[in-house]
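Every number here is computed from the coordinates shown, using simple stated rules; none is lab data. It should be emphasised that the depicted structure is a prediction, and the values quoted were computed from it without experimental measurement. Note that each Cβ is placed from the backbone with ideal geometry, even for glycine, and that neighbours are counted across all protein chains shown.
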Amino acid sequence: MPMVAKRGVRRPTAAKAKAKAIRATPASRVGKANPEATAPEIPATVHDAQVIVHGAPPAWAETRPDLCDALPWFRAVQGGSYNRDGFCWGFLLDADCGDRSYIDDEIVITRIGGGCTKDSEGNLVLLKDQDGDTNMVSSIINSKEFNVPVGLIIGDRNTVLGRKLPHRYNVMAYFRVTDVWYEKVGKRTGAKVRFEKLDLECLSWWAMPGSPPPEPLSKRQCGTTPETIQCSACMKTSRRVYNEGWMCLQPSCKNFWTMEGSHPNSLTFYSGFLSFRMVTEPTMLPQYSLVPNLLATIDEDDTDVSTIRIAWKGIVCPQCNKCIARRFWKGWKCTDDIACVQGESCTFQKTMKMHPVSLRSVIDDFELGPIKRCLFFDPKFARPEIDDRSLYPYRKLTYRIPEVGSITHFVSNRDINSRENGPNDLFKQLQLTDLGLRRYPLQQSVVAGTLTAHFAVNYGMPYKYIVSVDSKGFDEAADEILRALGRLTWATDKAVTGSGDEFLPPNELLTLGYFDEMKIGYHDDGESSLGPTISTLSLGAKATMLIRMKYKYFNGCSKAKKLLDDDPVLPGCQLEDQRRELKRQLNRGAITRKEYERRRQEGSKKCRATEASPFIKMELHHGDLVVMHGENLQKYYEHSVIPEKKLRFALTARYIKPDQVDKSEWKKGEFSLTPDQIYDGK
């Protein structure tokens, strides 16, 4: 079996290897280790990253989110290992495997991640010592002790293998953990792990072309372990790992990481440590399939599976083995017309039977909505003005934020929802209409390829949320969309009327669909192209909407500790009184700008910078409308929406400023509602 020299591992020549005797610290020997044995010859090395591999991976992905969505044993969107319930289930070998890393056709030796940062040269540096109490280390130790196989994935930024990999992320195989030990890494103690491939009878796909098949297990003497020595200082045993000799690998020992009384400068792996193999155990089985078949577990005729959490997980394409997330409302498509990788042309598509979800299954009320909804306002949150008369049968709740804007909540009820073409009918009709809903890559995300946790389609004037996808014109919109637009136009008018501001009728409508457990985190709708008013119609499952002050306005500085150029000092912000008084002194010339900023900086050090707590909490029920109004509302505040149950639609209408959009797009925002699409509040 060819072995490949890796970065950071110095290989002795065959002659030197045969001549080199084992060196070890004085210790008591365990077993039948021969101190005079020499390291056998290590085969030739391969450093050319253009050398291709023997075969193809059983599954692969171009983005981490796609990979994690399709593989139940690897959900680590960030980080190199996936740990859950005390075990390590999956491990990624990518850009940095640490010093003395090694990969051949059956063995992987790498550092255990966690607790690292990058130095000025971009190298990973340990921030603290690793030990058995470290989460990543303990989970790998548990996988070893409880015989839990670990799935390994190799990325194309890995330079240890020394071969050209076909994709960004490539599933290797299941491995067992055979050894965990500790090394000195700079001034810190770092953990290393040795993985051994579980299936030793088949040639690995990442082997070099032309590699012979593995030797039969009967000829390998599996179970013959490398030399193990008991340390005379701590009386604990350590395997011989390095070609240069044995040393104690117990961090608590005074002789840790010393060889013949000194710390080693350069080490290579002992060939006996690389070549030994564990005894095959038929009972050592993985919990999950290496390549799961989710589609085989879903009965499309089952009306309960259309929108549940598992139904919007990723799958492995049965044609090309690519991991693909569910981007489309109705199913999966291997080659995505938006986020595709150039050159891909797999034609696989899977469309699910979408059974309409009944209101009964998503509404908890004994009846399908109340005659008049009773409301309790938690004293921890702001209490609105309550108006039961002016827009009857709606209850109108208004939250006013001084000098910023207002949020109006139109509370619906059973009478409103059950009318012809009302919210009840809309909820069902939106499920039956092909709206073109899909998930889009987030423009600003820590991990490239992260998709929105909802499905979306935009009508009318283009909205930046949709990224590179053209908005559909209202002339393409279904009747249900236009009837929703009629309701949202009415709500916008009623919320703005009396405020003294101009009523700008919506010319754009964004429809979002949420499956079970989908939600949208804190965000704002503050794009420069938007007008001051945003209105939303909620259909289906109840959702909780939270509004809070943005971090920088709450704390008076960014997360990087940069002070705001202009601190608005909003009601409820940290150190409100001190910041307001300082601003008064600056404005009347009592202190200079330099003194103002110095004292603000001192003040910011006195409080713990943290996210603001939400100060408005609204329960959005089926049929409810919410209107956020005010130029500064989206600038200073952000909101999140957390739906319950398994299906919800949110239809949000805005006014897009024409001067912010190309004239060729203006026609998309034009519409004319028919009498039955116009809403009168009944």
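Under 10 Å from the Cβ of K192, count the other residues' Cβ atoms, weight Lys and Arg +1, Asp and Glu -1, and hand me the total. Don't jump to the answer; show the numbers that get you there.
Numbers: positive: R100, R111, R194; negative: D99, D179, E183.
Around K192, the surrounding residues sum to 0.
Under 27 Å Cα-Cα from K184, which lysines qualify once same-chain neighbours fewer than 8 residues away are excluded?
Reachable lysines: K6, K16, K20, K118, K128, K144, K192, K197, K236, K254.
Can you put C202, C320 in order of Cβ neighbours within 10 angstrom, beginning with the fewest? It would help to have the intermediate numbers written out before the result.
Working: C202 10, C320 17.
Result, fewest neighbours first: C202, C320.
Within 10 Å, count the other beta carbons around each residue, average over each peptide in 435-445, 79-89, and list them highest first.
Highest to lowest by the protection proxy: 79-89, 435-445.
If you keep only loop residues by DSSP, which trypsin sites (Lys or Arg not before Pro) in the range 454-546 have at most 16 other Cβ atoms within 10 Å of their Cβ? Before the final figure, lay out each step's value.
Values: sites: K464, K472, R483, R487, K494, K519, K542; in loops: K519, K542.
Here the sparse-neighbourhood loop sites are K519.
Would you mind ranking V171, V148 so that the residue whose beta carbon has the fewest other beta carbons within 10 Å leads the list?
With the sparsest Cβ surroundings first, the list reads V148, V171.
Given H placed 1.01 Å from N in the peptide plane, which residues other than close sequence neighbours of L647 have an amide H under 5 Å from its amide H?
A541
Tell me what the chain gives for mean residue ellipticity at 222 nm when only DSSP H runs of n ≥ 4 count, each as -39,500 (n - 2.57), the sum divided by the residue total, rounded to 500 deg cm²/dmol.
Value at 222 nm, helices only, nearest 500: -4000 deg cm²/dmol.
Going by amide H atoms built from the backbone, whose H comes under 5 Å of the H on Y637, apart from near neighbours?
Result for Y637 returns K550.
If I stretch the segment between I310 and K583 completely, what's the gain in nm (0.36 nm per residue apart, minus their alpha carbon distance), one decimal?
93.0 nm
Please go through the range 160-220 and write out the GluC sites (Glu not before Pro) that DSSP classes as loop and that have at most 14 other C-beta atoms within 10 Å. Mind showing how you got there, number by number?
Numbers: sites: E183, E196, E201; in loops: E201.
Those that pass, being in a loop and sparsely packed, are E201.
Can you run phi through the Karplus equation (6.51, -1.76, 1.60; θ = phi - 60°) for the range 246-256 and list ³J(HN,Hα) in whole Hz, with x for Gly and Pro?
In residue order, the calculated couplings are 8, 8, 6, 10, 9, x, 7, 7, 5, 9, 4 Hz.
Cα centroid distance between the range 626-666 and the range 216-255, in Å?
The range 626-666 and the range 216-255 have Cα centres separated by 63 Å.
Residue-wise, which Karplus ³J(HN,Hα) couplings in Hz belong to the range 640-649, taking 6.51 cos²θ - 1.76 cosθ + 1.60, θ = phi - 60°, and x for glycine or proline?
My calculation for the range 640-649 gives 10, 9, 10, x, 10, 6, 10, 7, 8, 10 Hz in order.
Take R75 and K667, extend 7 Å from each Cα along the Cα→Cβ direction, and tell me the distance between the two endpoints in nm.
Distance between the two pseudo-spin positions: 4.9 nm.
Points 7 angstrom from Cα along the Cβ direction at S445 and R373: gap in nanometres?
3.1 nm
I want the local charge near K583. Using Cβ-Cβ distances under 12 Å, sum +1 for each Lys or Arg and -1 for each Asp or Glu among the other residues.
Its environment carries a net charge of +1.
Given contacts defined as C-alpha pairs under 8 Å and at least six residues apart, what's the relative contact order of the chain, whole-number percent?
Numbers: 1416 pairs, mean separation 87.4, N = 682.
It comes to 13 percent, rounded to a whole number.
Find, among the trypsin sites (Lys or Arg not before Pro) in the range 187-220, those assigned to loop by DSSP (not H, G, I, E, B) with at most 11 other beta-carbon atoms within 10 angstrom.
Here the trypsin sites (Lys or Arg not before Pro) that fit, given the DSSP loop and packing criteria, are K187.
Could you compute the FRET efficiency for T283 and T544, with r as their C-beta to C-beta distance and R0 at 60 Å, rounded to 0.05? Don't skip to the answer; put the middle values down first.
Details: r = 47 Å, r/R0 = 0.78.
In this case the efficiency is close to 0.80.
Would you kindly state how much longer the chain becomes between T592 and S266 on full extension, computed as 0.36 nm times their sequence separation minus their alpha carbon distance, in nm to one decimal? It would help to have the intermediate numbers written out before the result.
Numbers: separation 326, 0.36 × 326 = 117.36 nm, distance 5.95 nm.
111.4 nm is the gain from fully extending T592 to S266.
Search the structure for amide H atoms under 5 Å from the amide H of F269, placed 1.01 Å from N in the peptide plane, and list their residues when 5 or more places away or on another chain.
Long-range HN contacts for F269: N243.
Along the Cα-to-Cβ line of D299, 7 Å from the Cα, sits a label point; which residues in the range 354-376 have backbone N less than 20 Å from it?
354-358, 361
Using only alpha carbon pairs under 8 Å that are at least six residues apart, calculate the relative contact order of the range 551-605 and give it in whole percent.
Details: 44 pairs, mean separation 15.6, N = 55.
Computed value for the range 551-605: 28 percent relative contact order.
Using the Cα centre of the range 376-484 as origin and beta-carbon charges of +1 (Lys, Arg) and -1 (Asp, Glu), tell me which of I481, I401, L426 is placed farthest towards the positive end of the dipole.
The listed residue farthest towards the positive side: I401.
What FRET efficiency do you get for A233 and A560 if R0 is 35 Å and r is their Cβ-Cβ distance, rounded to the nearest 0.05?
According to the calculation, E is roughly 0.15.
Run the quick spin-label model on K617 and Y551: label points 7 Å from Cα toward the beta carbon, then report their separation in nm to one decimal.
Taking the simple label geometry, K617 and Y551 are separated by 2.3 nm.
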